[in-house]
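Heads up, the thing below is written out as structure tokens.
The values are calculated or read from the model by the stated rules, or taken from the named source; none is laboratory data. Computed from a prediction, not measured in an experiment: that's the story for all the values here. Methodologically, a virtual Cβ is constructed for each residue, glycine included, from the backbone with ideal geometry; neighbour enumeration extends over all protein chains shown. The protein model used for the area step is the full one, side chains on, heavy atoms only, and it has no ligands, DNA or RNA in it. Shrake-Rupley method; radii C 1.70, N 1.55, O 1.52, S 1.80 Å.
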Amino acid sequence: MASHRNVLLYKLWVCFITILYFTETLSQTDNYIVHMDLSVMPKSFSGQHHWYLSTLASVSDVADSSTARASEATLTASSKLLYSYTHVVNGFSASLTPSELEALKTSPGYISSIKDLPVKHDTTHSPKYLGLTPQSPAWKASNYGDGIIIGLVDTGAWPESESYNDHGMPEIPKTWKGECESGTQFNSLMCNKKLIGARFFNKGLIAKYPNITISMNSTRDTEGHGTHTSTTAAGNFVEGASYFGYAKGTASGVAPRAHVAMYKALWDEGSYTTDLIAAIDQAISDGVDVLSMSLGLDGLPLNEDPIALATFAAIEKNIFVSTSAGNEGPFRETLHNGIPWVLTVAAGTLDRGFDAVLTLGNGISITGSSFYLGSSSFSDVPIVFMDDCHTMRELIKIGPKIVVCEGAFDSNDLSDQVENVSSANVTAGVFITNFTDTEEFIGNGFPVVIVSLKDGKTIIDYIKNSNSPQASAEFRKTDLGIEPAPRLTSYSSRGPSTSCPLVMKPDIMAPGSLILAAWPQNIAVDSNNSQPMFSNFNILSGTSMACPHAAGVAALLRKAHPDWSPAAMRSAMITTADTMDNTMEPIKDIGFGNRINPATPLDMGAGQVNPNKALDPGLIYDVNSTDYVRLLCATNFTEKQIQVITRSSSIDCSNPSSDLNYPSFIAYFNDKKSPSNLTIVREFHRTVTNVGEGTCIYTASVTPMSGLKINVMPDKLEFKTKYEKLSYKLTIEGPALLDETVTFGSLNWADAGGKHVVRSPIAATSLSPELSSKN
């Protein structure tokens, strides 16, 4: 009996010690996402899951060579393993002690680990920002773009990405004629009902460099750009997406039920227009509905621009084409793809920011902009104020402290200070500035936090009044609903178009700043302490990111209105765009430092695209191929040059017109040789089609434009039936040479019931864009 009692007491003691051990261990653990190199996995393992378990068992704090301890380590590993990932990352998540994490870093196949963080769970985020939710009209009416095919000419696709999963996807349309071509590390089985086509084009590249070796001779993406843009347009829903804890939520493209066809014509080794044209040609043959091209060529006339030539053929086949404006802003006359028959897309910001929280030793917390991917936090670090941080010999004396800098009031000054502090071997840098265009500075391998002047004063006061000032920092915070938003980005290229100045470009603005979308799993997104970092998602900026947003909207419109022409769809986007930000002020341009002015139509086009409003525009401005030919005739292209564009041997230039039926207006008052008191009149003729109610009356109003008189005749349009067409004339009277570089306003047609307001931007300018040579 005593022996039985002793055994029972012993077992209770072992149980107590075990519970105590795990309690102490758990109190020191943290969760990590661990990236592993699958190529290192021994063949003896039946799958990744078992390899991950074995790896965790080998680094467990209870690991031992004895059979009993090894068995215990295996059980511990099972309890520590949170998720074994198949698609989201090559790796797993686990709860690890500091010693286990350090041991894991020396394990075969280990690449990197990222600490898990509590981040606000929300959509990621541009579809919702554009008003796209399961209850929104655009997603409901189009069934998320169901069955529409978006073709992209880009760097390829990474087919294993979860954003290409075909859960919930419709069957491939019977009209589809495309293929999934096999190649290096790519076979036809990698396509599905989401990624339905994959082709690659490099004959021009190989002909240019006959001895070249193509590293990945297939549609597989080795750069990441094509994967990112295609899933921005049409990526399927992926829960739990994030970028190292930033922008955490459910990722999706604008048209998540649309199909994707990838045409790889951009290569690491180089890219040529012969391959580009071949890709577009094949896309037309295959039967895509929408083309998205985040690329362009500068300084070419329409007849020498391969994109202009190929896209003219596309719109003749009723294919909508979305293109990027370019990243050469904020200067005027820098955009490419100023082509009358395509949509030209500028880039705007989201209402989402990435932050860090700086907690001072007195308990005050301050939030600043930061996009640091290194350690998620640090605590109780000495903090010093160094004024303008321009003196390197002083900075390098500081050592492991947080350095606070003040006085950066423009991008050059801020850039110099960030570079200096980053090179000074300090812990972090806090930069006090009222400069608002800070995106390029926060994405740094060094921890940078940018704060306002008001918050900066709080930090400085604390440092000056503390005997031993310290601060802690937490990174990887995501903030939604920031104001004001959207804003036009500084890098977005501006009009007027030099290839066709008579048509106002860009057309529209779409989200392009800090956009999260899918990314190849084996391409590093960044580095930390010289170690590469990998992620299934990446956050990028550029008009390359704005373009596929608009392509996704076009897919929704094509599904909801299959009878609309590409020009009608473009018109619907332009005339329903938002011109006000989320503070109900005009959208601002952040392109010139702190001189924050309203963005003009030559900068952002008509405004921010609004998919739900575009679904029901009321009136549309339609254009056909004949109208484009009349425009080409009016711009003094020769018949031969026009034939190059239209591929038609019979060109009728008997009725040329420089006045294309476009949903925007650009008027030039730039005659520097005329008398100062000379007044001239610019005249525009437009025809609108009623796509709303059968019987309706629209009344015109015009926003005042300084120094100009604007008149609309008639100022009332009475439609009796749906699809009826009515015409009007708009005149702009002003001085031969305008005082302002750009003056802008809008023409608004409002129906009697207030349901529709059809808005066309108007820009008057003294600029004199030089038409690209047509030799």
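Summary of computed values
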item	result
Enumeration of residues in region 389-405 that are open to solvent by less than 60 Å² (accessible area, probe 1.4 Å) and either in a loop (DSSP other than H, G, I, E, B) or in contact (Cβ under 8 Å) with a residue 60 or more places away in the chain (or both)	389, 391, 398, 399, 402
Selected residue (criterion: modelled with the lowest pLDDT) from residues of region 84-137 that are open to solvent by less than 30 Å² (accessible area, probe 1.4 Å), touching a helix residue (DSSP H, G or I) at 6+ places or on another chain (Cβ under 7 Å) and closer than 21 Å to residue 45 by Cα	92
Residue match in region 314-324 (condition: among the charged types (D, E, K, R), part of a loop (DSSP other than H, G, I, E, B) and either over 24 Å from the mean Cα position of the chain (by Cα) or buried (at least 19 other Cβ atoms within 10 Å of the Cβ) (or both))	yes
Those strands (runs of 3 or more DSSP E) lying entirely in region 210-283 with at least 1 residues crowded, with 23+ Cβ neighbours inside 10 Å, of a type outside the set (D, E, K, R) and in contact with a helix residue (DSSP H, G or I) (Cβ under 6 Å, 6 or more places away or on another chain)	238-243, 259-264
Residue in region 688-704 that is modelled with pLDDT under 95, β-branched (Val, Ile, Thr), in a loop (DSSP other than H, G, I, E, B) and more than 25 Å from residue 603 (Cβ to Cβ) present	yes
For residue 178: the one exception among (1) in contact with a strand residue (DSSP E or B) (Cβ under 7 Å, 6 or more places away or on another chain); (2) at pLDDT below 95	(2)
Selection count, region 682-700, where residues are open to solvent by 80 Å² or more (accessible area, probe 1.4 Å), closer than 19 Å to residue 730 by Cα and more than 37 Å from the chain's Cα centre (by Cα)	2
Conditions (1) of a type in the set (Gly, Ala, Ser); (2) open to solvent by less than 60 Å² (accessible area, probe 1.4 Å); (3) more than 37 Å from the chain's Cα centre (by Cα): number failed by residue 745	(3)
Residues satisfying the stated conditions in region 323-338, i.e. under 25 Å from residue 151 (Cα atoms) and touching a Pro at 6+ places or on another chain (Cβ under 7 Å)	325, 335
Candidate set from region 605-625 (those that are open to solvent by 10 Å² or more (accessible area, probe 1.4 Å), in a helix (DSSP H, G or I) and not small (Gly, Ala, Ser)); member that is farthest from residue 759 (Cα to Cα)	612
First in region 731-745 and over 13 Å from residue 679 (Cα atoms), second anywhere and among the acidic types (Asp, Glu), Cβ under 9 Å, 6 or more apart	742/603
Checklist (1) under 27 Å from residue 658 (Cβ atoms); (2) open to solvent by less than 10 Å² (accessible area, probe 1.4 Å); (3) within 23 Å of the chain's Cα centre (by Cα); (4) not small (Gly, Ala, Ser) applied to residue 305, failing item	(3)
Residues located in region 626-657, provided they are exposed (fewer than 14 other Cβ atoms within 10 Å of the Cβ) and within 38 Å of the chain's Cα centre (by Cα)	626, 636, 647, 648
Leading residue by the ranking (surrounded by the most Cβ atoms within 10 Å (Cβ to Cβ)) among those in region 749-763 that are modelled with pLDDT of 90 or more and more than 30 Å from the chain's Cα centre (by Cα)	749
Selection from region 182-198 of residues that are open to solvent by 20 Å² or more (accessible area, probe 1.4 Å) and within 28 Å of the chain's Cα centre (by Cα)	185, 190, 191, 192, 193
The listed residue being acidic (Asp, Glu), under 25 Å from residue 564 (Cα atoms), modelled with pLDDT of 95 or more and assigned to a strand (DSSP E or B), out of 718, 683, 733	718
Criterion: in a helix (DSSP H, G or I) and open to solvent by less than 10 Å² (accessible area, probe 1.4 Å) - qualifying residue of 414, 358	414
Options 261, 241, 247, 198; residue that is within 20 Å of residue 184 (Cβ to Cβ), out of contact with any Gly (no Cβ under 6 Å at 6 or more places or on another chain) and aliphatic (A, V, I, L, M)	198
Residues of region 371-384 satisfying the condition of being crowded, with 21+ Cβ neighbours inside 10 Å and either without any contact (Cβ under 8 Å) to a residue 60 or more places away in the chain or out of contact with any Gly (no Cβ under 7 Å at 6 or more places or on another chain) (or both)	372, 373, 383
Within region 564-580, considering residues that are in contact with a strand residue (DSSP E or B) (Cβ under 7 Å, 6 or more places away or on another chain) and over 22 Å from residue 754 (Cβ atoms), the one surrounded by the most Cβ atoms within 10 Å (Cβ to Cβ)	570
Matching option when the condition is assigned to a helix (DSSP H, G or I) and under 24 Å from the mean Cα position of the chain (by Cα), among 311, 344	311
Residues being closer than 20 Å to residue 545 by Cβ and of a type outside the set (Val, Ile, Thr) - total across region 303-340	13
Close pairs (6 angstrom Cβ cut-off, 6 or more residues apart or separate chains): farther than 22 Å from residue 766 by Cα in region 650-678, at pLDDT 95 or above and part of a loop (DSSP other than H, G, I, E, B) anywhere	661/621; 661/623
In region 537-563, residue most open to solvent (accessible area, probe 1.4 Å) [restricted to those that are among the small types (Gly, Ala, Ser) and not in a helix (DSSP H, G or I)]	541
Qualifying position, being out of contact with any helix residue (DSSP H, G or I) (no Cβ under 6 Å at 6 or more places or on another chain), surrounded by 15 or more Cβ atoms within 10 Å (Cβ to Cβ) and part of a loop (DSSP other than H, G, I, E, B), among 445, 368, 456	445
